[in-house]
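Worksheet: the structure to be examined is printed underneath.
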Amino acid sequence: MLLKGAGAGAIGGLLAGVFGYFAAEPTIGRAIDLEAAHHAGHGEEAEVFTRGTQQFGLIVATTLAGLALGLVFALVFAYVNRAAGTDRDGSWQAVSKLAGAAFAGVFLLPFLRYPSNPPGVGEPDTIGLRTWAWVGAIVIGVLAVVVIWRLTAALAAKGVDQLYRQLAAAGIFVLGLVIAFLVLPDSNDPVDVPAGLLWDFRLGTLGTQIVLWGGLSVAFTLFVSRRKAAVTV
């Protein structure tokens, strides 16, 4: 299961990297050009990595990140199945539900609280604060997903209609987002980039994450379904 999770995550990460290369990378290049123009005349900084190396590194990084996420995904999937007490191994419904929950908790809620910004946005002195704020948003997102899982399972056991369970899940997610806005610090760093470039970058980031989790869930379903079919035979 772990190997299949790692493989599925690597595939999802690779697909996300390729998507990001075409969707988000052009906006990164534009942001870097704007930053270079802004600092023109203040002395040129030595280029540590070429743009080609950075672009290749994007795909490598998303692949490795996907591999790590796939390992965690496989562990959580096995735990959820065992806790549910039902044999749902490899079912698309089970995998897609967990992938959707992971996407919402690990990425979407933090993203809504702190939308991603292109390079050059943010003061160097606030990197530590911004990093811990993002981690805090992830913790709140994961806790919200766990509460949703427990609550909807309890409501299902009591025979509550699916519509009301879904409304309860949406309410918990919104509550988690409200808590994130209330308890986490605001980002006061200036955003000195055109609005069009900013939203293109954010949409590219969102699309990259959708591709990552979508690719992971499809590949994981195929891998585990093949495993189940082999065991059955």
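The values are calculated or read from the model by the stated rules, or taken from the named source; none is laboratory data. The structure displayed is predicted, hence computed values, not measured ones. Positions of Cβ are backbone-derived with ideal geometry, glycine not excepted, and every protein chain shown enters the neighbour counts.
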Go through the residues of segment 171-178 one by one and say whether even a single one is more than 30 Å from ARG82 (Cα to Cα) and surrounded by fewer than 16 Cβ atoms within 10 Å (Cβ to Cβ). yes
Just to be sure, is VAL183 farther than 30 Å from THR27 by Cα and either among the aliphatic types (A, V, I, L, M) or surrounded by 14 or more Cβ atoms within 10 Å (Cβ to Cβ) (or both)? yes
Hey, does segment 202-216 have a residue that's in a helix (DSSP H, G or I), basic (Lys, Arg) and not assigned by TED's automatic domain parsing to the domain that holds VAL80? no
For segment 214-226, state whether one or more residues are at pLDDT below 90 and surrounded by fewer than 20 Cβ atoms within 10 Å (Cβ to Cβ). yes
Identify, by number, the condition in (1) modelled with pLDDT of 95 or more; (2) assigned to a loop (DSSP other than H, G, I, E, B) that VAL135 doesn't meet. (2)
Kindly provide the set of residues from segment 109-132 that are assigned to a helix (DSSP H, G or I) and crowded, with 21+ Cβ neighbours inside 10 Å, ordered by number. LEU109, PRO110, ARG113
